[in-house]
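The values are calculated or read from the model by the stated rules, or taken from the named source; none is laboratory data. All values derive from a computational prediction rather than experimental measurement. Positions of Cβ are generated from backbone atoms using ideal geometry, with glycine treated the same way; all protein chains shown enter the neighbour counts.
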Amino acid sequence: MKQVNVRFHNLEQIRQFINIIDKIDANFDLGSGHRIVDAKSILGVLALDLSGPLRLRYHSNDIDIEKKIEPFVCG
């Protein structure tokens, strides 16, 4: 399992992020506090507190994932 922090500044960034990870054969969980949602679900992502960084966890050995999500990674 890998974990990074991501941040979104607008709805367009969320849409781009979901379009990227939706094409990857892996499970992605996005969390804020005690709430965790499927990161491939736009409704789930929008239900989170987007005012700060979110914790993204995924299970994959694909090193290209880090490059694909790099624009959204913070800290």
Going by the conditions given, is ILE42 surrounded by fewer than 18 Cβ atoms within 10 Å (Cβ to Cβ) and at pLDDT 95 or above? yes
When the residues of the stretch 1-21 are narrowed to those that are assigned to a loop (DSSP other than H, G, I, E, B) and of a type outside the set (D, E, K, R), which ends up farthest from LEU54 (Cα to Cα)? MET1
Examine the stretch 52-72 for a residue that is touching a strand residue (DSSP E or B) at 6+ places or on another chain (Cβ under 7 Å), modelled with pLDDT under 95, aliphatic (A, V, I, L, M) and assigned to a loop (DSSP other than H, G, I, E, B), and state whether such a residue exists. no
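Do we have LEU48 as assigned to a strand (DSSP E or B), modelled with pLDDT of 95 or more, touching a strand residue (DSSP E or B) at 6+ places or on another chain (Cβ under 8 Å) and not β-branched (Val, Ile, Thr) here? Before you say what the answer is, go through the steps one by one.
Details: assigned to a strand (DSSP E or B): no; modelled with pLDDT of 95 or more: yes; touching a strand residue (DSSP E or B) at 6+ places or on another chain (Cβ under 8 Å): yes; not β-branched (Val, Ile, Thr): yes.
Answer is no for this residue.
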With respect to the numbered conditions (1) touching a helix residue (DSSP H, G or I) at 6+ places or on another chain (Cβ under 9 Å); (2) buried (at least 17 other Cβ atoms within 10 Å of the Cβ), which one is the sole condition not fulfilled by SER32? (1)
Residues satisfying the stated conditions in the stretch 3-21, i.e. closer than 16 Å to HIS59 by Cβ and loosely packed, with under 13 Cβ neighbours inside 10 Å: GLN3
